[in-house]
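See structure below.
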Amino acid sequence: MPTAPAPLVEDAPPAFLRLVGHPIRWRLLKELAHSDRAVRELTMLVDEKQSLVSYHLRELRSAELVRAHRSSADGRDSYYSIDFEACGELLQASGTALHPGLRFAPDHRAPRIGSDRVTRRPRVLFLCTGNGSRSQIAEALLESLSAGEVDVVSAGSHPKPVHPNAVRVLAERGIDISERSSKHLDQFTRRRFDHVITLCDRVREVCPEFPGRPDTVHWSIPDPGLEGDTDEASYPAFERTASELATRVRFLLCSIQQPRRRSPTHG
């Protein structure tokens, strides 16, 4: 009886599909697509041993789908985050490997207010420690990218003046925040939000509970103001931060359009 020919190398599934097709790695990516997480959190969420979770995280990091950096709140801990753009590029390449007609383009449109999915403007709160850089940039970017269709504010646990580099980096994107000031998070603790997003590891530790059980998300983003001895020296860090926040905000808009079904463990 003749044997079947061995499959050609080019007929093998793309490496991206083989990598993310593993159940644990897929679950880790799903959790990180919702929020940045520490290993201990991921271990609890996927209900696996820490050694196994760490192994699969190393695999995802080697493929540059996931990044990690030390927590600014506890240097013994690390936060992991997903690289949405890398995942999108590899997913698209995997589709076209099967057929050229399977090319796709992510939908970054603003939520359709008044549609069946969204009946009012979604409410979003960005939090960081000083409300002088990261949360101000995120607030302004979400206002701009949503064309005003999202009700967004920002605040800090220890407010300080808006950093001139935050004003500058947004001005280069056509957004003016020169007249804005920082706000204390106590101003908003009685307000209802759909999404509360912490951008600072320290403020995550002191973030209060908000009424209505909003979707709480963490984006672990280093403070760009801590890089360099002068405003000019720290400006490249502000550019990197604004670029990362622009990407995250675009993907946030997609999740606002199609709300994620959360399990009770998410928060």
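The values are calculated or read from the model by the stated rules, or taken from the named source; none is laboratory data. Everything numeric in this text was worked out from a predicted model, so none of it was measured. Cβ atoms come from the backbone with ideal geometry, glycine included; neighbour counts cover every protein chain shown. Just so you know, the surface numbers come from the protein's heavy atoms only, side chains and all, with ligands and any DNA or RNA stripped out. Shrake-Rupley method; radii C 1.70, N 1.55, O 1.52, S 1.80 Å.
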Handout entry: Pick from region 147-168, criterion surrounded by fewer than 23 Cβ atoms within 10 Å (Cβ to Cβ) and touching a residue at least 60 places away in the same chain (Cβ under 8 Å), ranking: nearest to ARG240 (Cα to Cα)
Key = ARG168
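Looking only at region 35-55, filter to residues that are among the polar types (S, T, N, Q) and open to solvent by less than 60 Å² (accessible area, probe 1.4 Å); which one of those is nearest to the chain's Cα centre (by Cα)?
Result: SER35.
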Completion exercise
Of HIS99, HIS108, the only residue that is in contact with a helix residue (DSSP H, G or I) (Cβ under 7 Å, 6 or more places away or on another chain) and either over 27 Å from PRO222 (Cα atoms) or modelled with pLDDT under 95 (or both) is HIS108
Exercise for the section: Take ALA147 and decide whether it is out of contact with any Pro (no Cβ under 9 Å at 6 or more places or on another chain) and either under 22 Å from ARG250 (Cα atoms) or part of a loop (DSSP other than H, G, I, E, B) (or both). Expected result: yes
Practice task
Pick out the one residue from ALA4, ALA73 that is modelled with pLDDT under 95, under 21 Å from the mean Cα position of the chain (by Cα) and among the small types (Gly, Ala, Ser).
Solution key: ALA73
Exercise for the section: Could you tell me which of the residues ILE197, ILE177 is open to solvent by less than 40 Å² (accessible area, probe 1.4 Å), among the β-branched types (Val, Ile, Thr) and either out of contact with any Leu (no Cβ under 8 Å at 6 or more places or on another chain) or assigned to a strand (DSSP E or B) (or both)? Expected result: ILE197
